[in-house]
Every structure is written in C-alpha cells, then in structure tokens.
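The values are calculated or read from the model by the stated rules, or taken from the named source; none is laboratory data. Not measured: the values here are computed from a predicted model. Quick reminder, even Gly has a Cβ in these numbers, built from the backbone with ideal geometry, and neighbours come from all protein chains shown.
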Amino acid sequence: MGTRLFKLERDALNEISRREQATQDARELRSLQVVRLYGSGEAMERIQQVSGASERSIRRWVERYVSILVVRLIYNCVKYIASSHSFSII
C-alpha cells in the first residue's frame, strides 16, 4: 500500500459537508462522502465498508474530484491573468 498524497484541508471538508447537506442525488451524496472520508485519511477498507463501493470506484471518485479542483484552479488563474492591466502578449 502506497502513501496517500490526497488530503483535504478544513475548508475543503467544510465545502464537501455543505454539498452533502444540499444534494438530493443519492449517487452524488455517496461520492461526496467517499471523497470526504478518503481525504480525511480514513482507511480504504473502512471506506469500502461504509460506502459499499469498490476500491476502483473510490479512486475514480477521488480522481474526478481532484480533476475538478485542477480545472477550477486553471480557470481562476486565467481569469486573474486576463483581468490584470499589466498583462500583454508579445
């Protein structure tokens, strides 16, 4: 078993908890719970027991969550650069 690199900070955990409370979609709720547990450092075996999901599904949900974070980061960087008055293309 490798070292887990994915860890959620308090703000991200709070955001996921709010989304869990707001969703009406059972599949979304399940994936949010899995991501929260995984990002909190919970053991994979325990996450599988609680969620009933396979390790592969758990890893896919976490990868999808990370991908969304990366896209948000890139979007925010592009938005910041585009709004900067000192930005110019040579």
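So how many residues does region 24-56 have that are in contact with a Lys or Arg (Cβ under 9 Å, 6 or more places away or on another chain), surrounded by 17 or more Cβ atoms within 10 Å (Cβ to Cβ), assigned to a helix (DSSP H, G or I) and free of Cβ contacts under 8 Å to residues at least 24 places away in the same chain?
Within region 24-56, residues that are in contact with a Lys or Arg (Cβ under 9 Å, 6 or more places away or on another chain), surrounded by 17 or more Cβ atoms within 10 Å (Cβ to Cβ), assigned to a helix (DSSP H, G or I) and free of Cβ contacts under 8 Å to residues at least 24 places away in the same chain number 3.
With (1) closer than 20 Å to Thr3 by Cα; (2) not in a loop (DSSP other than H, G, I, E, B) as the list, and Glu15 as the residue in question, which single condition is left unmet?
Among (1) closer than 20 Å to Thr3 by Cα; (2) not in a loop (DSSP other than H, G, I, E, B), the lone unmet condition for Glu15 is (1).
From the list Arg10, Arg59, pick out the single residue that is exposed (fewer than 10 other Cβ atoms within 10 Å of the Cβ) and at pLDDT 90 or above.
Values: Arg59 fails: exposed (fewer than 10 other Cβ atoms within 10 Å of the Cβ).
Only one candidate passes the filter, namely Arg10.
Among (1) β-branched (Val, Ile, Thr); (2) touching a helix residue (DSSP H, G or I) at 6+ places or on another chain (Cβ under 8 Å); (3) surrounded by fewer than 10 Cβ atoms within 10 Å (Cβ to Cβ), there is one condition Ile16 misses while meeting the rest; what is its number?
Of (1) β-branched (Val, Ile, Thr); (2) touching a helix residue (DSSP H, G or I) at 6+ places or on another chain (Cβ under 8 Å); (3) surrounded by fewer than 10 Cβ atoms within 10 Å (Cβ to Cβ), only one is false for Ile16: (3).
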